[in-house]
Each structure stands twice: as C-alpha cells, then as structure tokens.
Amino acid sequence: MNNVQAAIRNAQAEIIAIMTDAGIATDAGKSDQLLAALKKTFALNASPVLTGNPTAPTQPKADNSTKLATTGHVKLVAADYAPLANSTLSGKPTAPTAAQTSNDKQLATTAFVKAAVAALVDSSPSALDTLNELAAALGDDECSFGGQSATGFTCANRGTNSPDRSRRHELNADCDNRVCRSAGRNKSLAGIPCIYRSAHSPDCCRSNQ
C-alpha cells in the first residue's frame, strides 16, 4: 500500500505541475482542471491557436507543399521577385504589347516599338527606310525639299546656282530691298524685309507674287 500511495502522490505531483504551468490553482471541488490546463498548454490538432513564438523547420525554396512556411522560407522565395519601387530587372522580362493607339505610361515592348517604326516608315523601300538613307538620297542638302520644313524661307529664298544668294528680286522685282513702312497698323513690322512678311500686310510686298 505504501508503494501504491507513493505512485498516486507522484501522479498527483505531475498533474499539479501541469496545472501550475497553465496558471490554474488546484481545487478539490472541480474535476475538469486537468483538461483546462492541457487545453491552455497544448494546441489542438484541428484549428490550433498558437501563441508566443512558435517555430518549425524551414523548408527549401523550391518546396511547394502544405508544410508550414517559416519566415525564413518566405524570405527565400521573395528574393526571386523585384520590388515595385526602383526594381532592377534582369534576364528577359516580358510585358503585354500595347496597341499602337496607346499613349500613356504602359510599358513599350520591342514589338510595340517595331510596329511604331514600321508605321512611320510605312511602305518605303528598304533603301529609303532610315533617316540616314533619306538624307543621302537628298544629297545631305538642307535646302532640298525635305530640308525646307526645318529651314523655312532660308532655303526657299536662295538661288539654285548660289545657295547663299537671296532670291527676293526673283520673287518680286518691285519688292527688292524694300522694308515694311512704319505707317498705320504695320508699325510693328517696320524695318523688316518685306519678303518675310505676310501677304495680308498692305504696306509690305507679298512674298508669294
């Protein structure tokens, strides 16, 4: 009987230790204290509610299963992704190709750029589908037909045999060397060669005569 009594006391001491760890004081009038202590100390298998700082093994980055993912595993996987702000891409990143009518902040793929250039070139032959080829075909002359859009009257008023010679007298003999008078509404045009003035100014010669 002494041995049995000692064994019972040992079991009681174990139970009291569990209850004490769970913060439950022993009460002889209650019969569910051990169960309450076990629920507070151990997680249930179904829908456990963990507290504190639970740990688990860190699975390799390539793992794609239902195992617990630790913070270490998540950081390993996240290292393969670029941040949204100031990202540095490598390899061969891809994106959807926008429509040619798009004019916003959407990424322009190489396909989008090539389509835009092809639309600009249109059906030009391969020998004339670059700016350099066009310039060479025009003799690299800024006073050619293509150059006049950028130089305006500068080229239009030059002689065909002498690019630096003014052709004002050829355009309008009566207007040669005249300037706009300072009379009436044309005061702001006074002193400016009439060949460069509007055809609607009565006090100036017309450049298109």
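Read-outs throughout are calculated quantities, based only on the coordinates presented, and are distinct from any laboratory measurement. Owing to the predicted nature of the structure, the values given are computational and were not obtained by experimental measurement. Cβ placement follows ideal geometry from the backbone for every residue including glycine, while neighbour counts extend to all protein chains displayed.
Restrict the search to the range 1-92; then list the trypsin sites (Lys or Arg not before Pro) that DSSP places in a loop and that have at most 12 other Cβ atoms within 10 Å of their Cβ. Write out the running numbers ahead of the final one.
Numbers: sites: Arg9, Lys30, Lys39, Lys40, Lys61, Lys67, Lys75; in loops: Lys30, Lys61, Lys67.
Hits after loop and neighbour filter: Lys30, Lys67.
For the range 16-84, please report how many Lys pairs fall under 20 Å Cα to Cα, leaving out neighbours fewer than 8 apart on the same chain. Working shown, then result.
Working: Lys30/Lys39; Lys30/Lys40; Lys61/Lys75; Lys67/Lys75.
Lysine pairs satisfying the spacing and distance rule in the range 16-84 number 4.
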